[in-house]
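Readers should treat all values here as calculations from the given coordinates under stated rules, not as data from a laboratory. Since the model is a prediction, treat every value here as computed from it, not as a measurement. Here Cβ is always computed from backbone atoms with ideal geometry, including for glycine, and neighbour counts include all displayed protein chains.
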Amino acid sequence: MSSWIVLLFGVFGLSSFVFSDIQSLTGPISLDKDGLTNWNSELAEKTLSDPQLKQKGLMECAEVKELKGTLLCASSKKVLLNKAMLRATLFSEGDAELQKGTVQSTESKFYSGSLTEILGHDIPSSELLGFWSQLEQACRRKEMCATPEEEELFKEVLLPFSQNHESFVLISYVTNGDWLMTLNHELLHAQYFKDENFRKTVDEFWNEKITKEDKEKIKTILGVAYNKNDEFLIRNEFQAFLLGAPASLRARQVLRPTLPVEFKTSTFSGAMFWFP
Ligand SMILES: [Zn+2]
């Protein structure tokens, strides 16, 4: 539902209508830096003009024009982003204590501690739908249900989107702070999921150019934040940190010296479109 329709409903005063803080845009969004900057500013303006949104935040989602099958969500608040997506990410990736394919409780310490920490997500549609189906079953058994933010994200955005897209990847970022860096990182994940040639190049590089010893080192470094037993996830994070925005991403600085010199001149450099 686009925001002007929501506003019209507001004007006509439907008393049962709850203002939606997670919405789909009607058209696709282009990966143009100025366009994205405008999107962020508009989001901030809408958020500031409404006291409820100012407190809770606003999230808008749109398909990426240049990367077919990629749904991008921008959120004005970290907590809103994570209340809507963190458990789906944990379901998709698992962590040191949580097995992949398990729905985490909102009462867990890890969950509440991460709500203000995580800046972006990348989740393929198969995992999103698997998460939703398990959560619905758990709710019917009265074990646990969706958070209001998860409910809104799935019912307003993801389930309708999945009707027209057989397979897609959801990526997201928070609009303040180093948003371009986060978005750059998440877009590299989207490419890894959706672009077969890109994924093949990364995988060949991982398989053929990185020694067994270095693979172990990389898994130890990334294992601090990610499930190191999932090699697909490790390869995906490895490329996103390496090819993504420079400097302030510590993992990139730590990982880069572990690589052979030819990496710097490899075909990967073409992926660094914002941070050459
Ligand atoms: Zn990542």
inquiry  = Could you list GLU97, GLU152 so that the one with the fewest beta carbons within 10 Å of its beta carbon is first and the one with the most is last?
reply    = GLU97, GLU152
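Over the range 3-190, what per residue volume does the convex hull of the Cα atoms give, in whole Å³?
Working: hull volume 24.3 nm³, N = 188.
Given the Cα convex hull of the range 3-190, per-residue volume reads 129 Å³.
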message = Taking a cut-off of 22 Å, what percent of all Cα-Cα pairs in the range 20-114 are separated by more than that?
response = 42
ask   = At a Förster distance of 30 Å, what's the computed FRET efficiency of LYS54 paired with GLU151, Cβ-Cβ distance as r, to 0.05?
value = 0.90
task = Any chance you could check the Cα centroid distance between the range 165-200 and the range 51-117 for me, in angstrom?
result = 14
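Counting other beta carbons within 10 Å of each Cβ, put PHE131, PHE198 in order, fewest first. Kindly include the intermediate steps, with their values, before the conclusion.
Details: PHE131 26, PHE198 20.
In order of increasing Cβ crowding within 10 Å: PHE198, PHE131.
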key: Span per principal axis, largest first, for the Cα atoms of the range 132-192 (Å)   = 41, 28, 19
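Determine the dipole magnitude for the range 124-250: charges of +1 sit on the beta-carbon of Lys and Arg, -1 on that of Asp and Glu, nothing else is charged, the reference point is the Cα centre, and the result goes in debye to the nearest 20.
340
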query = Rounded if a/c is under 1.5, else prolate if a/b is larger than b/c, else oblate: which is the range 54-105, with a ≥ b ≥ c the root eigenvalues of its Cα gyration tensor?
reply = oblate
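Sort ILE171, ILE118, ILE123 so that the residue with the fewest other Cβ atoms within 10 Å of its own Cβ comes first and the one with the most comes last. Kindly include the intermediate steps, with their values, before the conclusion.
On the way: ILE171 26, ILE118 17, ILE123 23.
Ordered by Cβ neighbours within 10 Å, fewest first: ILE118, ILE123, ILE171.
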